[in-house]
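Peer 1: One structure follows; several queries about it will come next.
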């Protein structure tokens with residue numbers, strides 16, 4: 001007899017499967033669809049054993065997710081760092097401290113005043129004129145009198161105590177000035193406003209300054225020089241003698 005009829009399930013096919021196998025397959029399919037998202041992977045299919053491609057893909061996705069989170073954290077940290085650096089750069093700064101002004105020039109704070117002529121009997125031998133001057137520093141650092149002189153080449157000057165003489169602020173020091181005549185021919189006996197040349201320093205500045213001691217000093221100096229170099233001294237013998 002020929003013809004095609006319904007194919008009978010063979011041995012070991014689904015048709016011969018026991019009923020409990022069909023029940024298990026039905027439950028597995030429903031478990032896949034009903035599983036929560038956290039339990040699905042790869043299009044809703046359940047996770048396979050650790051060595052299957054599906055499991056490797058899951059681990060790769062987890063690693064990429066961790067890398068994305070790390071990169072995002074680094075990006076945020078870099079942005080915060082840049083923002084903090086910018087805020088630090090543009091922050092308002094206090095004004096720079098103004099350095100204190102330099103002290104005044106020594107001649108502006110040191111006062112030199114003519115005192116009194118020394119008595120003739122106490123004038124050192126060889127000196128035509130000896131007198132005192134009072135030096136006073138008004139403010140600022142101490143002022144040092146390094147030298148006292150005068151402009152005439154016919155005269156020389158020595159002082160007691162020897163220079164340098166330091167005068168602190170508010171202090172008054174007396175200095176004895178001795179004038180010797182080196183050349184009576186060129187002595188100016190009637191100088192109108194004779195002055196002293198003084199070299200001063202205060203640790204910041206050094207300067208040469210001229211002090212005019214006033215009319216009384218001019219008169220006393222002229223008297224002393226006339227006494228030391230009377231008129232006619234150092235002149236040659238009269239003509240025809």
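The values are calculated or read from the model by the stated rules, or taken from the named source; none is laboratory data. Values in this document were obtained by computation on a predicted structure and should not be read as measured data. Here Cβ is always computed from backbone atoms with ideal geometry, including for glycine, and neighbour counts include all displayed protein chains.
Peer 1: Taking only the range 189-200 into account, find how many residues are within 20 Å of residue 126 (Cβ to Cβ) and out of contact with any helix residue (DSSP H, G or I) (no Cβ under 8 Å at 6 or more places or on another chain).
Peer 2: Matching residues across the range 189-200 total 1.
Peer 1: With 157, 167 as the choices, which residue is farther than 30 Å from residue 100 by Cβ and in contact with a strand residue (DSSP E or B) (Cβ under 7 Å, 6 or more places away or on another chain)?
Peer 2: That would be 157, the only listed residue that is farther than 30 Å from residue 100 by Cβ and in contact with a strand residue (DSSP E or B) (Cβ under 7 Å, 6 or more places away or on another chain).
Peer 1: Right, next: Hey, any hits in the range 104-112 for a residue that's within 30 Å of residue 226 (Cα to Cα) and either touching a helix residue (DSSP H, G or I) at 6+ places or on another chain (Cβ under 9 Å) or modelled with pLDDT of 85 or more (or both)?
Peer 2: Checking the range 104-112: at least one residue is within 30 Å of residue 226 (Cα to Cα) and either touching a helix residue (DSSP H, G or I) at 6+ places or on another chain (Cβ under 9 Å) or modelled with pLDDT of 85 or more (or both).
Peer 1: Let me ask something else. Report yes if some residue within the range 132-145 is at pLDDT below 90 and either farther than 30 Å from residue 183 by Cα or surrounded by fewer than 11 Cβ atoms within 10 Å (Cβ to Cβ) (or both); otherwise report no.
Peer 2: No, there is no match, as no residue in the range 132-145 is at pLDDT below 90 and either farther than 30 Å from residue 183 by Cα or surrounded by fewer than 11 Cβ atoms within 10 Å (Cβ to Cβ) (or both).
Peer 1: When you look at residue 227, is it loosely packed, with under 13 Cβ neighbours inside 10 Å, modelled with pLDDT under 90 and closer than 21 Å to residue 115 by Cβ, yes or no?
Peer 2: Spelling it out, residue 227 is indeed loosely packed, with under 13 Cβ neighbours inside 10 Å, modelled with pLDDT under 90 and closer than 21 Å to residue 115 by Cβ.
Peer 1: Pairs, please: C-beta under 6 Å, at least 6 apart or cross-chain, first residue outside the structural domain of residue 144 (by TED's automatic domain parsing) and in a strand (DSSP E or B) and in the range 165-185, second surrounded by 17 or more Cβ atoms within 10 Å (Cβ to Cβ) and at pLDDT below 95?
Peer 2: Close Cβ pairs (under 6 Å, with a partner that is surrounded by 17 or more Cβ atoms within 10 Å (Cβ to Cβ) and at pLDDT below 95) do not exist here.
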